[in-house]
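Asker: Okay, here's the structure, questions in a sec.
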Amino acid sequence: MERSSPNFYSIPNILSLLRLALVPVLVGLASAQRGDIFLLVLAVSLISDVLDGYLARKLGQVSELGAKLDSWGDILTYAAMILGLHLIWPDIFDKQAEFLFAAMMSFILPTVLAFRKFGAYPSYHTWGAKLAAVLIAPAYYALILTDSDSFFRLVILFHVLVAAEEIAITYILNQPRSDVSSVFYLRSDVASRRK
């Protein structure tokens with residue numbers, strides 16, 4: 001999709017900024033062990049994540065700035081989710097420690113590699129990453145509210161696959177780029193440009 005000129009105060013950017021502003025609220029609620037309110041505020045944050053991307057495309061307000069705000073909102077919200085598990089539900093955190101470590105690495109490794117290669121945060125927003133973002137919310141809530149961890153673990157494994165795809169994208173690209181639908185699309189795009 002064609003990028004619009006940057007408008008800091010576009011509706012999608014405001015939603016991303018809201019999500020960023022909710023991160024310290026989530027951290028404070030986790031520190032105060034207010035699990036009920038934490039889950040409510042987290043729901044607002046996760047819904048704003050779905051809406052910002054949808055509205056950016058629908059309103060023609062897709063921008064490089066919006067992609068970066070969305071990516072930072074994602075990683076900081078996911079970090080707050082892990083912190084919430086650690087502080088509010090330590091038994092669940094301990095039981096899922098290996099999967100939570102895998103989740104953290106699935107965000108850290110692609111980020112470090114992109115920073116090392118491009119000096120920028122990766123904002124690829126692949127189809128896999130979008131699906132993983134949609135799946136993490138019900139998996140997280142099912143884990144906490146019903147102590148059902150099978151779905152949560154499958155979603156984390158899917159996040160690991162998404163991270164592998166993002167690493168491959170970073171390897172293929174010669175310069176930073178946002179909104180790459182998949183590594184397969186990128187490979188065919190790169191191949192067609194070489195012809």
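Asker: Any idea which residue in region 124-149 is surrounded by the most Cβ atoms within 10 Å (Cβ to Cβ), counting only those that are closer than 22 Å to residue 172 by Cβ and aromatic (Phe, Trp, Tyr)?
Answerer: 124
Asker: May I pose another question? Residue pairs, Cβ under 6 Å, 6 or more apart or interchain, first in region 45-73 and touching a residue at least 24 places away in the same chain (Cβ under 8 Å) and of a type in the set (A, V, I, L, M), second assigned to a helix (DSSP H, G or I) and surrounded by 20 or more Cβ atoms within 10 Å (Cβ to Cβ). List them.
Answerer: 51/15; 55/12; 56/12; 56/66; 62/56; 69/13; 69/16
Asker: Still on this structure: Sort out which residues of region 19-33 are in contact (Cβ under 8 Å) with a residue 24 or more places away in the chain and either more than 11 Å from residue 77 (Cα to Cα) or aromatic (Phe, Trp, Tyr) (or both), and write them in order of number.
Answerer: Quick first cut of region 19-33, residues in contact (Cβ under 8 Å) with a residue 24 or more places away in the chain only: 19-20, 22-23, 26-27, 29-31, 33.
Those that are in contact (Cβ under 8 Å) with a residue 24 or more places away in the chain and either more than 11 Å from residue 77 (Cα to Cα) or aromatic (Phe, Trp, Tyr) (or both): 29, 30, 31, 33.
Asker: For residues in region 1-24 being closer than 18 Å to residue 125 by Cβ and not in a helix (DSSP H, G or I), which is modelled with the highest pLDDT? Step through it out loud before you land on a result.
Answerer: In the first step, residues of region 1-24 are kept if they are closer than 18 Å to residue 125 by Cβ; the result is 1-4, 6, 10-13, 15-17, 19-20.
Then drop every residue that is not not in a helix (DSSP H, G or I), which leaves 1-4, 6, 10.
Details: 1: 42, 2: 43, 3: 45, 4: 44, 6: 54, 10: 82.
Among those residues, the one meeting the criterion is 10.
The values are calculated or read from the model by the stated rules, or taken from the named source; none is laboratory data. It should be emphasised that the depicted structure is a prediction, and the values quoted were computed from it without experimental measurement. Here Cβ is always computed from backbone atoms with ideal geometry, including for glycine, and neighbour counts include all displayed protein chains.
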